[in-house]
Amino acid sequence: DAKTTQPPSMDCAEGRAANLPCNHSTISGNEYVYWYRQIHSQGPQYIIHGLKNNETNEMASLIITEDRKSSTLILPHATLRDTAVYYCIVRVAWKESNFGNEKLTFGTGTRLTIIP
Amino acid sequence: DGGITQSPKYLFRKEGQNVTLSCEQNLNHDAMYWYRQDPGQGLRLIYYSQIVNDFQKGDIAEGYSVSREKKESFPLTVTSAQKNPTAFYLCASGGDRDSYEQYFGPGTRLTVT
């Protein structure tokens, strides 16, 4: 699975949009970009994933550059409950994998703090 | 509600004792996983199971054992052979051919003294 690079920490004012960047310059053509977040002392929570088109759901938007070497997760109106560590993960979708070693490789992520 | 449950949330044991962590899911997923997380670090895979009665070692399986007798259940035993058992343990399911993501339980924080 491709490696990802994220800033270790970010602050965002409550009510503003939080934009979390991720670099994945070695991504392969069949690899998806997944975002998870982990609130302190809880299990990681799936947020969104995408291949090459921008995606939006009720939690967030995912913007993937045309060359797919980087992406940005956008939380449109950040609240205090969005304070968490956000992980960007690049991997082949399970639906299209060969079940070789099915795991999510989590790095250290970005610690996002929402400021009141 | 569908989801993954882990119990207990906090567990304390004396060194030298085996301890079993529970993980149950009602999402009808074939695949289940156990991860370990140490402070300030990412998740590391201990064991995974893609189907009932089958499981594979992950990156850090030494000192751990699992069983998968039922689709819904994937208990993890931390044995006395595990040198640094104090950690946050996370169970997950999914990531199989019917889903695009993994779903995580709330975790069990194990402290061994």
Quiz item: How big is the charge dipole of chain B about its Cα centre, in debye rounded to the nearest 20, if each Lys and Arg gets +1 on its Cβ and each Asp and Glu gets -1 on its Cβ?
Solution: 440 debye
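For the protein assembly as shown, take the alpha-carbon Rg, divide it by the Kirkwood Rh, and send me Rg/Rh.
Details: Rg = 17.8 Å, Rh = 18.2 Å.
Here Rg/Rh amounts to 0.97.
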Self-check item: 5 Å binning of all Cα-Cα separations within chain B, expressed as whole percents from 0 upward
Solution: 2, 13, 24, 26, 19, 10, 4, 1, 0
Quiz item: Using a probe radius of 1.4 Å on protein heavy atoms only, what is the accessible area buried between chains A and B, both sides summed, to the nearest 100 Å²?
Solution: 2100 Å²
Quiz item: To the nearest Å, what is the center-to-center distance of the range B:41-90 and the range A:1-60, using C-alpha atoms only?
Solution: 27 Å
Quiz item: Short version: which residues of the range A:22-49 lose at least 20 Å² of accessible area, all chains versus chain alone, 1.4 Å probe?
Solution: A:Tyr36, A:Gln38, A:Ser41, A:Gly43, A:Pro44, A:Tyr46, A:His49
Quiz item: Can you run phi through the Karplus equation (6.51, -1.76, 1.60; θ = phi - 60°) for the range A:18-35 and list ³J(HN,Hα) in whole Hz, with x for Gly and Pro?
Solution: 9, 10, 10, x, 8, 9, 9, 5, 9, 4, 9, x, 9, 9, 8, 9, 10, 10
Quiz item: So for chain B, taking the charge dipole from beta-carbon charges (+1 Lys/Arg, -1 Asp/Glu), which of B:Tyr48, B:Ile4, B:Gln82 sits furthest toward the positive end?
Solution: B:Gln82
Quiz item: Can you give the longest stretch of chain B with no exposed loop site, where a site means GluC sites (Glu not before Pro) in a DSSP loop (not H, G, I, E or B) with at most 12 other C-beta atoms within 10 Å?
Solution: B:16-61
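Kindly sort B:Lys71, A:Lys52, B:Lys9, A:Lys3 by accessible area of their heavy atoms, largest first, with the probe set to 1.4 Å.
On the way: B:Lys71 55, A:Lys52 130, B:Lys9 85, A:Lys3 165 Å².
From most accessible down to least: A:Lys3, A:Lys52, B:Lys9, B:Lys71.
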Exercise. Using the heavy atoms of the protein chains and a 1.4 angstrom probe, tell me the accessible area per residue for chain A in square angstrom.
Key: 51 Å²
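Can you pick out the pairs among B:Lys9/B:Lys70; B:Lys9/B:Lys83; A:Lys69/B:Lys57 whose Cα atoms lie more than 30 Å from each other? Let's see the in-between values first.
Values: B:Lys9/B:Lys70 22 Å; B:Lys9/B:Lys83 21 Å; A:Lys69/B:Lys57 32 Å.
Exceeds cut-off: A:Lys69/B:Lys57.
Between B:Thr5 and A:Thr113, how high is the FRET efficiency from 1/(1 + (r/R0)^6) when r is the Cβ-Cβ distance and R₀ = 30 Å? Nearest 0.05.
Details: r = 30 Å, r/R0 = 0.99.
Using R0 = 30 Å, I get an efficiency of 0.50.
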Quiz item: When ligands, DNA and RNA are left out and all protein chains stay put, how many square angstrom of accessible area per residue does chain B have with a 1.4 Å probe?
Solution: 49 Å²
Quiz item: Quick one: if you take sqrt(5λ) for each eigenvalue of the C-alpha gyration tensor of the range A:1-95, what semi-axes come out, biggest first, whole angstrom?
Solution: 22, 14, 12
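Of the accessible area of the range A:37-76, with the probe set at 1.4 angstrom, what percent is carbon plus sulfur?
The C+S portion of the solvent-accessible surface of the range A:37-76 is 47 percent.
The values are calculated or read from the model by the stated rules, or taken from the named source; none is laboratory data. Remember, predicted model here, so these are calculated numbers, not experimental data. Here Cβ is always computed from backbone atoms with ideal geometry, including for glycine, and neighbour counts include all displayed protein chains. The accessibility values were calculated without ligands, DNA or RNA, using every heavy atom of the protein model including side chains. Shrake-Rupley method; radii C 1.70, N 1.55, O 1.52, S 1.80 Å.
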